[in-house]
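Here the structure comes first, spelled out in structure tokens, and everything after it is commentary.
Bear in mind these aren't lab numbers, they're just calculated from the coordinates by the rules spelled out. On a predicted model such as this, the values are computed, not experimentally measured, just so you know. As a convention, Cβ positions derive from the backbone with ideal geometry for all residues, glycine included, and neighbour counts pool all protein chains shown.
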Amino acid sequence: MQTLKFAVLPGDYIGPEVMSAALRVLEHVAKQEGFALSYQIADVGGAGIDNHGKALPDSTLELCQSADAILFGSVGGPKWEKLPPKEQPERAALLPLRKAFSLFANIRPGLLYPDLTDASPLKAERIPNGIDIVCIRELTGGIYFGQPKATTTLENGEQQAVDTMVYKTSEIERIAEVAAVTAKARGGKVCSVDKANVLETSVLWRKTVTDYFAKNHPELALSHMYVDNAAMQLARDPNQFDVLFTENMFGDILSDEMAVICGSLGMMCSASLGTGQNGLGKPFGLYEPAGGTAPDIAGKGIANPCAQILSAALMLRYSFGLDAVAAKIEAAVRKAVTVDLVRTGDIAFGKPSVGTETMADAIIKNL
Ligand code: NAD
């Protein structure tokens, strides 16, 4: 019997609520499909600060290092917002985790079911069939990490700050490969987003991507777009894209734009894949909802667990190679929301809504 070994880091506010629903779904499919789960739950974020003095306690990092994947909730909230920026739960937990596991590829499906178009700020006639795209963001390079990065005082007393955007060919090629593999499993269409009309890094990005696809994936339809245009096109006609991929800062912005046009954060999952392989020879990854800890609804049992459940499905697909089981969970979520019309408040549009656990029950019933 296959045993899936993963670390569970629920985090803060709604994190533990939606995580408990996702674990129930995983326990259910494990029993059905005949595999075993081996997971331990550990503090991270604000819970890490409160119980261990830091957002990523050593014991939590060690647990992650001994696992084949990390199922992450979300961290942060008003309780810790007075801490210095470097000690804030999100920055002090997620950045070191990304670094420790070289999580270089953030994959965010932008899926809006046709029945949920009301949740999108876009006009319904622009997205009659909903939205179905994937945004892939390079996560460990670019201007967020390049050196020098500093604020200095000039001779005239004025302050000056500098950030450095830097990319190597190898960093561009490995994210291009993730985009290519993703595009092959979908419509075979991939758009690389850059700012090659202005930035040196983008000139290298475009040349590297063009050469890499010509050599390794000539059958895929590759296009290029400047980031300012991509931001407009996403809002104008998102389904013109299938897979889009880009560098770190552009991806930060575009993936959040995609999340908002896809409606509720409660439905948006993500995967961050590392350079290393896990004990099963699959990519080590961290899987988490795209949204935050939703302090405004925490403790009421009304958070939408779908993003966490769909993140667990991505974990089964990428880190454990259980594609069919992942697809089964995705179908169960879709049916609960679109056929059974079981919906939490964020996607109920004024109609009667259910709580977190009832939503999870409906998904489990569909399994
Ligand atoms: P948020 O994503 O937590 O909430 C934005 C809105 O979306 C809120 O109205 C919230 O109720 C709603 N929402 C989010 N998830 C939902 C769900 N599952 N079901 C129903 N509604 C949901 O963003 P915010 O309020 O800006 O941030 C709150 C905290 O979360 C902050 O401390 C922020 O730093 C943190 N945060 C953490 C992560 C992470 O852990 N990766 C990501 C983003 C924000």
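Odds and ends about this structure:
- Once the chain from residue 256 to residue 223 is taken as fully extended at 0.36 nm per residue, the excess over their C-alpha distance is 9.7 nm.
- Residue-averaged 222 nm ellipticity for the chain, from DSSP H runs of 4+ at -39500 (n - 2.57), nearest 500: -12500 deg cm²/dmol
- Cα gyration tensor, the range 159-270 - rounded (a/c under 1.5), prolate or oblate: oblate
- Using a Förster distance of 41 Å, the FRET efficiency for residue 3-residue 197 (Cβ separation, nearest 0.05): 0.20
- The magnitude of the dipole of the range 71-141, with charges of +1 and -1 set on the Cβ of Lys/Arg and Asp/Glu and taken from the Cα centre, is near 400 debye.
- Spin-label model distance (nm) - residue 277 vs residue 164, 7 Å beyond Cα toward Cβ: 3.4 nm
- Placing +1 on each Lys and Arg Cβ and -1 on each Asp and Glu Cβ, with no other charges, gives the chain a dipole about its Cα centre of roughly 640 debye.
- In plain terms, the residue of 201, 182 with the fewest other Cβ atoms within 10 Å comes first and the most crowded comes last, giving 182, 201.
- Projecting the Cα atoms of 53, 309, 9 onto the charge dipole of the chain, computed from C-beta unit charges around the Cα centre, puts 309 farthest toward the positive end.
- Among the trypsin sites (Lys or Arg not before Pro) within the range 95-133, those in coil by DSSP and having at most 15 neighbouring Cβ atoms inside 10 Å are 123.
- The distance separating the Cα centre of the range 141-211 from that of the range 352-367 comes to 41 Å.
- In this structure, residue 214 and residue 239 have a Cβ-Cβ separation that, at R0 = 30 Å, corresponds to a calculated FRET efficiency of about 0.70.
- The stretch between residue 149 and residue 349 holds 67.5 nm of extra length on full extension. This uses 0.36 nm per residue minus the Cα-Cα distance.
- Applying the criteria of a DSSP loop state and at most 10 other Cβ atoms within 10 Å to the GluC sites (Glu not before Pro) of the range 112-177 yields 155, 158.
- Charge dipole (the chain, unit charges on Cβ, about Cα centre) - positive-most of 253, 364, 161: 364
- Estimated dipole of the range 164-252 in Debye, rounded to 20 [Cβ of Lys and Arg +1, of Asp and Glu -1, Cα centre]: 180 debye
- Peptides 287-299, 78-90, 347-359 ranked from most to least packed give 287-299, 347-359, 78-90, packing being the mean of other C-beta atoms within 10 angstrom over each peptide's residues.
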